[in-house]
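The values are calculated or read from the model by the stated rules, or taken from the named source; none is laboratory data. Computed from a predicted structure; not experimentally measured. Heads up, the Cβs are rebuilt from the backbone with ideal geometry, glycines too, and the neighbour counts pull from every protein chain shown. With ligands, DNA and RNA removed, areas are computed over all heavy atoms of the protein, side chains included. Shrake-Rupley method; radii C 1.70, N 1.55, O 1.52, S 1.80 Å.
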Amino acid sequence: MKRRAFAICVASACAFGPALAVNPDEKLADPTLEARALALSREIRCVVCQNQSIDDSNAPLAADMRVIVRERIAAGDGDAEVKNFLVSRYGNFVLLRPPMRADTWFLWFGPALFLIAGAAGFAAYLRRPAIPASQAVPELSADERRRLEELERRGGA
Amino acid sequence: MAPELGQMSIMLALALAVVQSIAPLVGAMRRDLVLMRLGDSLAVGQLSFVAFAFGALCYAFLISDFSVRVVAENSHTLQPALYKFAGTWGNHEGSMLLWAMILALFGAAVALFGKDLPTTLKARVLSVQGMIGAAFLAFIAFTSNPFDRLAPAPSEGAELNPLLQDPGLAFHPPFLYLGYVGFSMAFSFSVAALIEGRVDSAWARWVRPWALAAWCFLTIGIAMGSIWAYYELGWGGWWYWDPVENASFMPWLVGTALLHCALVVERRQTLVNWTILLGILTFSLSLIGTFLVRSGVLTSVHAFALDPARGVFILAILLGASMGALALYAWRAPALAAGPTFAPVSREGALVLNNIVLMAAAGTVFLGTFYPLLIDVIGDDKISVGPPYFQSTFAPLMLPLLLVMSVGPMLKWRKDQLPAAARKLRTPIILAGGALILASVALKSVLSAVGLALAVWLVAGALAILAQRIRAGAVAFGESARLALSLPGATLGIILGHASMGVCVAGIVAMSAWAKEDVQMLGPGEKLEISGYVFTLEDVSLAAGPNYEAERATFRVMRGGRPAAELVSERRYYPARGVETTEAGIRSNPFVNLYVALGEARDGRHVVRAYVHPLAAFIWIGALGMAAGGAISLTDRRFRLGARIRLDPAPSPARAA
Amino acid sequence: MRFSAAIPFALMALIGAGLALGLTRDPRQLPSMLIDRPLPAFDLPAIANGGGFSSADVAGKVALINVFASWCSACRVEHPTLMRLAAAKRAPIYGVDWKDKAEDGAAWLRRYGDPYVATGLDFESRLAIELGVTGAPETYIVDKSGRIRYKQIGPITDEVWAETIEPLVASLEQETGS
């Protein structure tokens with residue numbers, strides 16, 4: 001069903017009829033600038049189809065945003081300036097790479113924290129006192145053991 | 001009439017599920033054999049009624065009974081029969097019914113095939129399955145009735161969303177659900193074990209095949225979704241880190257951890273608590289995924305039709321199941337016997353490392369998926385978390401996982417030395433090191449070089465397991481061949497699974513490093529060139545399908561003056577919904593995908609988007625290979641061992657060996 | 001050991017609380033960045049003879065700027081309310097015909113009525129992106145000093161007008177423009 005969500009996004013939120021992303025007439029002549037524009041477009045969210053970058057999106061508004069991104073790059077804006085231009089109008093929502101700030105700190109460092117917590121938990125586990133034999137997992141009964149051996153003999157052959 | 005019978009069936013199944021959730025549990029408590037055995041017939045009965053209801057809905061779709069609301073909203077008389085049929089689950093209500101049917105199927109499977117399970121364990125498992133079933137059947141009956149009637153019935157239906165009219169719909173959701181719902185077995189076994197207060201190796205032998213089967217289905221489901229997105233959406237992407245994709249990926253990651261951990265319980269009777277916890281978490285994540293898709297909490301415009309009552313109901317199911325199980329865990333798990341210890345450098349140690357990284361990875365996907373919601377709830381801002389975030393956090397996490405993947409299987413249980421393992425891995429180390437140096441020089445990109453070296457490392461590491469098991473080089477060739485033929489399924493499964501992961505990694509790296517694309521306006525006879533492939537637009541003609549009209553473009557692709565492929569791409573218009581879709585033209589072989597998508601027309605020319613994707617097929621070959629590895633592992637006769645060891649005090653006299 | 005066994009439960013309780021709170025939020029509602037910021041400068045061409053307007057035309061008075069389009073079905077829902085507001089002459093409404101063909105927008109207004117004191121075309125989303133538009137219809141309320149004070153996402157219904165916009169317009173008219 002997950003494709004469905006996408007499917008319906010394209011069908012409803014962008015129901016203007018498809019126009020393929022980055023039309024040829026939008027492209028910048030200078031390949032280095034165009035490469036920058038492309039990379040930047042992939043970091044900017046299409047605000048109409050809520051889960052795609054403007055580079056992936058068919059929505060006309062996304063196409064207009066691509067044009068504006070390219071215009072500003074052609075006019076000499078740096079990547080940060082282009083992003084700031086859009087953020088000051090659409091908020092941080094428009095950035096697919098969320099900014100690092102106090103309330104996104106956990107988002108960015110969470111993965112490392114998870115690893116550290118996992119390692120710490122494992123270390124604590126390894127240092128636990130040895131388990132008295134009486135509490136250990138019950139041994140197989142003689143009958144079970146016999147069956148196990150028999151089956152393993154058959155399984156291995 | 002059939003819809004009313006279907007609706008009645010749902011109510012009956014619900015009633016049976018309610019009894020199933022209580023009777024066997026009470027029976028197990030009172031050691032009442034009759035009540036415990038009642039669970040079997042109830043589970044089979046529940047399946048029969050849900051299956052009947054599902055059949056009635058399929059029938060309504062196939063005969064285009066537009067007096068049924070979901071049929072009227074999601075089908076059309078001109079739709080091909082396959083899509084009428086698959087359309088049964090191409091909507092919220094029908095897909096929930098499919099979900100409930102698969103859940104009942106797993107319950108019935110325990111009832112029918114679990115003859116050798118300890119009676120009390122089986123009764124408790126069936127009870128827990130019954131509770132989940134009752135919750136979802138109630139959800140269907142009270143918030144999502146698939147048999148709602150329309151009066152008067154429209155003469156024509158609104159048609160299934162054209163983007164879903166694809167063979168992918170017939171297979172992707174059922175496999176995905178078999179995976180999602182299959183993990184309910186691990187959940188039920190975990191909860192039952194907590195109630196029993198006892199876990200032994202027989203328990204692990206039971207849980208592992210169920211978890212493995214669910215994992216295989218989920219792997220196939222995710223892979224098919226990715227393939228479908230790749231060719232249907234026309235953007236040449238294979239994974240978007242969309243919340244709904246993440247919803248299926250989280251249970252996969254935790255389920256992978258569960259499989260490996262169950263291995264430790266089975267062999268070493270240790271890490272029992274952790275395995276139980278993973279069993280609970282995997283299914284909880286499946287439920288969170290269901291909540292995510294159907295509540296509109298994150299992607300309301302895109303997901304299923306919204307009804308706040310549904311979101312609340314699924315949240316209640318999710319919290320009831322997961323918090324109930326986790327409360328039980330907090331209460332009972334400390335009393336469960338802890339198993340024997342092991343050294344950090346050991347097979348167990350490597351599997352724990354695998355688990356830590358997989359859990360951190362699942363946690364990362366969870367953070368990325370839900371952080372926008374958190375920011376929305378605690379502040380007044382909205383943020384987005386998209387692919388760039390996952391690329392910079394998830395990818396580095398995979399590095400230690402992939403490194404340890406080839407080392408783990410070479411380590412001995414309990415205690416081992418790294419130098420000893422390194423000696424066994426001499427060849428993979430040399431090959432991966434060589435690949436790293438070569439690729440860094442050739443590619444000038446450290447990241448891609450590391451990725452490719454890891455792919456080599458995994459494939460070589462998997463082959464090293466094979467070489468070790470057949471004692472290649474140490475004994476005569478004939479002896480090795482004999483050993484190879486008698487390798488147990490579990491060993492073959494590891495080898496295939498790990499090697500396939502390497503293949504998948506190679507595909508991912510190649511796609512991110514070497515994929516090339518171009519967009520041009522092309523008229524007939526005009527061409528564009530990408531990485532030596534020349535795409536020529538031959539002609540554009542009009543074509544008509546059963547329920548659509550299309551512009552069909554034929555492309556010829558040449559390379560070095562030789563024909564490489566003929567591609568056909570269509571832009572379809574479905575008049576019933578007024579929707580246009582793009583059918584990409586793809587020529588796929590293991591080494592390169594040629595991909596072209598026809599765009600809109602302007603002044604007699606068309607926008608054409610073309611891609612050359614080296615090794616793209618490796619991604620899906622790798623994913624399906626992993627699923628195949630799991631399936632081969634399932635054939636291992638040792639899995640059937642658990643079924644034969646009886647732990648309940650009253651052995652049945654009727655059983656002969 | 002007992003304590004650590006309860007950690008998963010506690011975490012799930014937190015997640016559950018978060019999801020429950022999340023259900024009360026609408027993911028589509030974007031906070032507007034432009035509240036209390038000056039209206040950007042613009043000059044929109046006409047969609048038919050005689051129209052078109054610029055930021056200068058809006059200056060110095062409390063006004064509504066309504067983003068609409070002929071392809072937008074929710075605009076049809078909103079339209080009768082706008083017609084009544086225009087007839088009541090409560091505040092001037094300026095129309096921005098967004099991502100539309102001029103002739104389609106003009107035909108739409110001829111067909112359903114024209115509530116706007118002036119209408120300009122924004123085919124390339126120049127003004128729309130300046131304003132942070134995410135869909136149509138959207139309505140911006142500008143005060144006498146030319147600052148944006150409110151953004152309505154989605155149709156203005158009679159209810160929205162009576163409960164939110166009308167009181168706001170009334171209080172803005174009390175303010176002295178600076």
(request) Restricting attention to segment B:311-320, report how many residues are more than 10 Å from chain C (Cβ to nearest Cβ) and either surrounded by 21 or more Cβ atoms within 10 Å (Cβ to Cβ) or without any contact (Cβ under 8 Å) to a residue 60 or more places away in the chain (or both). (result) 1
(request) Return the only residue of B:Val450, B:Val459 being touching a residue at least 12 places away in the same chain (Cβ under 8 Å), part of a helix (DSSP H, G or I) and within 21 Å of B:His613 (Cα to Cα). (result) B:Val450
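Out of B:Val244, B:Val191, report the one residue that is open to solvent by 10 Å² or more (accessible area, probe 1.4 Å) and either assigned by TED's automatic domain parsing to the domain that holds B:Leu121 or touching a helix residue (DSSP H, G or I) at 6+ places or on another chain (Cβ under 7 Å) (or both). Explain how you work it out, then say what you get.
Working: B:Val244 fails: open to solvent by 10 Å² or more (accessible area, probe 1.4 Å).
After applying the criteria, what remains is B:Val191.
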(request) Return the only residue of B:Ala360, B:Ala395 being open to solvent by 20 Å² or more (accessible area, probe 1.4 Å) and not in a loop (DSSP other than H, G, I, E, B). (result) B:Ala395
(request) Mind telling me which of the residues C:Gly51, C:Gly95, C:Gly22 ends up being within 14 Å of chain B (Cβ to nearest Cβ) and crowded, with 21+ Cβ neighbours inside 10 Å? (result) C:Gly22
(request) Assess whether B:Phe283 counts as being on the phi < 0 side of the Ramachandran plot and assigned to a helix (DSSP H, G or I). (result) yes
(request) May I ask you to say which residue of B:Phe249, B:Phe217, B:Phe183 is of a type in the set (Phe, Trp, Tyr), part of a helix (DSSP H, G or I) and under 22 Å from B:Ala327 (Cα atoms)? (result) B:Phe183
(message) From the list B:Ala360, B:Ala350, exactly one residue is touching a residue at least 24 places away in the same chain (Cβ under 8 Å), on the phi < 0 side of the Ramachandran plot and at the interface with chain A (Cβ under 8 Å from one of its Cβ atoms). Which is it?
(response) B:Ala360
(request) Give the residues of segment A:40-72 that are more than 10 Å from chain C (Cβ to nearest Cβ), part of a loop (DSSP other than H, G, I, E, B) and either closer than 19 Å to B:Ile383 by Cβ or under 17 Å from the mean Cα position of the chain (by Cα) (or both), sorted by residue number. (result) A:Arg42, A:Glu43, A:Cys49, A:Asn51, A:Gln52, A:Ile54, A:Asp55, A:Asp56, A:Ser57
(message) I'm checking my understanding of the structure. Among residues of segment B:475-490 that are of a type in the set (A, V, I, L, M) and under 36 Å from the mean Cα position of the chain (by Cα), which one is nearest to B:Pro409 (Cα to Cα)?
(response) B:Ala490
(request) Kindly check whether there is at least one residue in segment C:33-40 that is more than 10 Å from chain B (Cβ to nearest Cβ), surrounded by fewer than 16 Cβ atoms within 10 Å (Cβ to Cβ) and acidic (Asp, Glu). (result) yes
(message) Looking at the structure I just gave you, is B:Trp274 in contact with a Cys (Cβ under 8 Å, 6 or more places away or on another chain) and either within 14 Å of chain A (Cβ to nearest Cβ) or crowded, with 24+ Cβ neighbours inside 10 Å (or both)?
(response) yes
(message) Out of the residues in segment B:515-530 meeting the condition of being among the acidic types (Asp, Glu) and touching a residue at least 40 places away in the same chain (Cβ under 8 Å), tell me which one is nearest to B:Met558 (Cα to Cα).
(response) B:Glu526
(message) Can you list residue pairs whose Cβ atoms sit under 6 Å apart, with the first residue in segment A:30-52 being surrounded by fewer than 21 Cβ atoms within 10 Å (Cβ to Cβ) and the second being of a type in the set (Asp, Glu) and part of a loop (DSSP other than H, G, I, E, B)? Count only pairs 6 or more apart in sequence or on different chains.
(response) A:Arg42/A:Asp55
(request) Could you list all residues from segment B:166-186 that are open to solvent by 10 Å² or more (accessible area, probe 1.4 Å) and in contact with a Leu (Cβ under 9 Å, 6 or more places away or on another chain)? (result) B:Pro167, B:Ala170, B:Pro174, B:Phe175, B:Leu178, B:Tyr180
(request) Kindly establish whether B:Val293 is open to solvent by less than 10 Å² (accessible area, probe 1.4 Å) and at the interface with another protein chain (Cβ under 9 Å from one of its Cβ atoms). (result) no
(message) For the structure I just gave you, tell me whether B:Gly39 is open to solvent by less than 10 Å² (accessible area, probe 1.4 Å), in a helix (DSSP H, G or I) and more than 14 Å from B:Leu137 (Cα to Cα).
(response) yes
(message) Being β-branched (Val, Ile, Thr), touching a strand residue (DSSP E or B) at 6+ places or on another chain (Cβ under 8 Å) and open to solvent by less than 40 Å² (accessible area, probe 1.4 Å) is true for just one of C:Thr139, C:Thr164. Which residue is that?
(response) C:Thr139
(message) Restricting to segment B:331-347, name every residue that is open to solvent by less than 20 Å² (accessible area, probe 1.4 Å) and at the interface with chain C (Cβ under 7 Å from one of its Cβ atoms).
(response) B:Ala333
